[in-house]
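First up is the structure itself, then whatever we jot down about it.
The values are calculated or read from the model by the stated rules, or taken from the named source; none is laboratory data. What you see is a predicted model, and the numbers here were worked out from it, not measured in a lab. Methodologically, a virtual Cβ is constructed for each residue, glycine included, from the backbone with ideal geometry; neighbour enumeration extends over all protein chains shown.
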Amino acid sequence: MTLFDEVEEEARKSYYETLGVAETAEEAEIKRAYFGMVRKYQPDRFPEEFKEIRAAYETLTDPEKRAEYDMVGSLPPSAAAMFRDAQWFEHAGRYGKAAECYRKILERYPELDSIREQYARSLSSDDKTGKAAEAWEELCRRHPDNSGYLRELGRSYAERGWTRKALDTAQRAIDLDRSSIEGWLLFIECTIEQARKNGQDLFERLHALSLEALKAVRAVKKDEWKKILLYVHALVTSGTKNINAARDNLREIIRLVREGGRNGQDEGSSAFREILEVIPTAGLGELYPDLKKMSELLPDTSDARLLRKLNEVKISFEIQGLMDKGFHVLFHDLLNLLNFKFNDAEDKLEIIAMEHNIIENSALYYPQLRRLKSEFPELYALHSSFFNEALRTRDPEKMLYQREKKYSKLKREIGLVDEDPEYEAEQPVRRAEPKVGRNDPCPCGSGKKYKRCCGA
């Protein structure tokens, strides 16, 4: 018995039969039937039945998926049944099994390019990138003017690590369809990877490519949220010389996130994290207020880590501008260490040394410390315990001694000094005799008060 015979004998029900609707049913009727079936086959009690019901619902309520599903319904019963099994396997994440079903159909009906496309996608999902590339190559031979097939072929080459071939294929796809957002994204991705392999500086090239892509897709309105990543590329390569252009790009990203629904939010979340990574180093901290607005549109804005990272960007930008506002470089370096929470012992040594310097040169640093507290409270808060102690203390010598002792101890712990170091923190002076108060009897035995006798 062949695999086709087995499938024909044990073919699954069609999606229409699964939901109990006619093939001409409209979306509203399909939804009613679906919710009725879910009440009957609850997912916790009937997990397998629910998977089939859900797969049928997702396919029949998506116009493109339903059209393809109906098209395959015109196949001979054995091929149609196997196609439905392949879809079920895909829905269950068993892409290898799905690819095997598609391959068997193609053995008998090699002219079905829609099946070959599904076969290639299943192979890609199953990480069989070599076989997937072969399937896309065959489709490209059959349809040399299909930019979509070329894009998928280029992506398969990229996944295989064939960067040069991927870049050439992506270029051909762009030449065929310059209005394809996906095509430009693939081309830029391949260009970046090729530059990395060759050790090339890509900054200016990437900026020019981003602007060229945005110009080419300007009129595209369908799935406009896909432009978000193009705007991100343009933004991060704008540099400090063109802060206004960077701000315009960020505002376009915010607009696309707002108008893109769930897809826009998902793409916006990825974009947000990428922008967060580059803003401090690219000198784009002035975008913080707009970035704050963007965070409010994303589904995970309640994430404490996300908001903390956003605040770190603002703080980092303020630290970079301290010297321009007349603050000494010591405050810039100290706050940078504290902001990035470096925990290495050598960093801790550096912080202790800086604290010592601030106390020892109070006439220079304390006026600036008061300015910091007044003008930049968030920066002051990074080390408020020490700053408050420094401004309030009446015994700076004690603070200096504490830091000298702590510094020496930490150096010994990490092995940066010998066991008998040349420099050791001063030890406190200890009295040989108990302390005598001025009104206590004089120790000489005269019977007088100390202040009237030896202490006079």
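Within region 35-50, is even one residue farther than 25 Å from Asp127 by Cα, out of contact with any strand residue (DSSP E or B) (no Cβ under 7 Å at 6 or more places or on another chain) and in contact (Cβ under 8 Å) with a residue 24 or more places away in the chain? No - not one qualifying residue is present in region 35-50.
From the list Gln87, Gln118, which residue is surrounded by 18 or more Cβ atoms within 10 Å (Cβ to Cβ), farther than 19 Å from Glu52 by Cα and free of Cβ contacts under 8 Å to residues at least 40 places away in the same chain?
Among Gln87, Gln118, only Gln118 is surrounded by 18 or more Cβ atoms within 10 Å (Cβ to Cβ), farther than 19 Å from Glu52 by Cα and free of Cβ contacts under 8 Å to residues at least 40 places away in the same chain.
Anything in region 178-212 that is part of a loop (DSSP other than H, G, I, E, B) and surrounded by fewer than 18 Cβ atoms within 10 Å (Cβ to Cβ)? List them, or say none. Hits for region 178-212 are Arg178, Ser179, Gly199, Gln200, Asp201, Leu202. Exactly one residue among Lys165, Lys104 is touching a residue at least 40 places away in the same chain (Cβ under 8 Å), among the charged types (D, E, K, R) and not in a loop (DSSP other than H, G, I, E, B), and that residue is Lys104.
Checked against (1) in the same structural domain as Tyr69 (by TED's automatic domain parsing); (2) over 23 Å from Phe83 (Cβ atoms), Arg121 passes all but a single condition, namely (2). Against the definition (surrounded by 15 or more Cβ atoms within 10 Å (Cβ to Cβ) and without any contact (Cβ under 8 Å) to a residue 60 or more places away in the chain), how does Leu382 come out, yes or no? Considered against the rule, which asks whether it is surrounded by 15 or more Cβ atoms within 10 Å (Cβ to Cβ) and without any contact (Cβ under 8 Å) to a residue 60 or more places away in the chain, Leu382 comes out as no.
Tallying residues that are farther than 11 Å from Arg172 by Cα, in contact (Cβ under 8 Å) with a residue 24 or more places away in the chain and assigned to a helix (DSSP H, G or I) within region 132-147 yields 4. Out of Arg218, Arg247, one residue alone is farther than 20 Å from Leu167 by Cβ, among the charged types (D, E, K, R) and at pLDDT below 90. It is Arg247. State all residues of region 234-251 that are part of a helix (DSSP H, G or I), of a type outside the set (Lys, Arg) and in contact (Cβ under 8 Å) with a residue 24 or more places away in the chain; if no residue qualifies, say none. Hits for region 234-251 are Ala234, Leu235, Val236, Thr240, Ile243, Ala246, Leu250.
Checking Ala234, Ala213, Ala246 one by one, the residue that is in contact with a Ser or Thr (Cβ under 6 Å, 6 or more places away or on another chain), closer than 18 Å to Ile192 by Cα and not polar (S, T, N, Q) is Ala234 and no other. Asn336 meets each of the listed conditions (1) under 27 Å from Lys411 (Cβ atoms); (2) among the polar types (S, T, N, Q); (3) crowded, with 17+ Cβ neighbours inside 10 Å apart from (3). Counting only residues that are farther than 16 Å from Glu58 by Cα and either assigned to a helix (DSSP H, G or I) or at pLDDT below 85 (or both), region 2-29 holds 11 of them.
All of Glu100, Glu107 fail the test of being exposed (fewer than 13 other Cβ atoms within 10 Å of the Cβ) and under 29 Å from Glu134 (Cα atoms), apart from Glu107. From the set of residues in region 30-58 that are within 35 Å of the chain's Cα centre (by Cα) and not in a helix (DSSP H, G or I), which is surrounded by the fewest Cβ atoms within 10 Å (Cβ to Cβ)? The extreme case among them is Asp44. Name every residue in region 62-90 that is in contact with a Lys or Arg (Cβ under 7 Å, 6 or more places away or on another chain) and not hydrophobic (A, V, I, L, M, F, W, C), in order of residue number. Arg84, Asp85, listed by residue number.
Looking at this structure, is Tyr231 farther than 25 Å from Leu176 by Cα, aromatic (Phe, Trp, Tyr) and in a helix (DSSP H, G or I)? When the stated conditions are applied, Tyr231 does not pass them.
For region 388-414, give me each residue that is of a type in the set (A, V, I, L, M, F, W, C) and at pLDDT below 90. Even if it seems obvious, please write down each step before you answer.
Within region 388-414, the subset of a type in the set (A, V, I, L, M, F, W, C) is 390-391, 399-400, 410, 414.
Of everything in region 388-414, those that are of a type in the set (A, V, I, L, M, F, W, C) and at pLDDT below 90 turn out to be Leu410, Ile414.
Among the residues of region 59-84, those identified as exposed (fewer than 14 other Cβ atoms within 10 Å of the Cβ), more than 34 Å from the chain's Cα centre (by Cα) and in a loop (DSSP other than H, G, I, E, B) are Ser74, Pro76.
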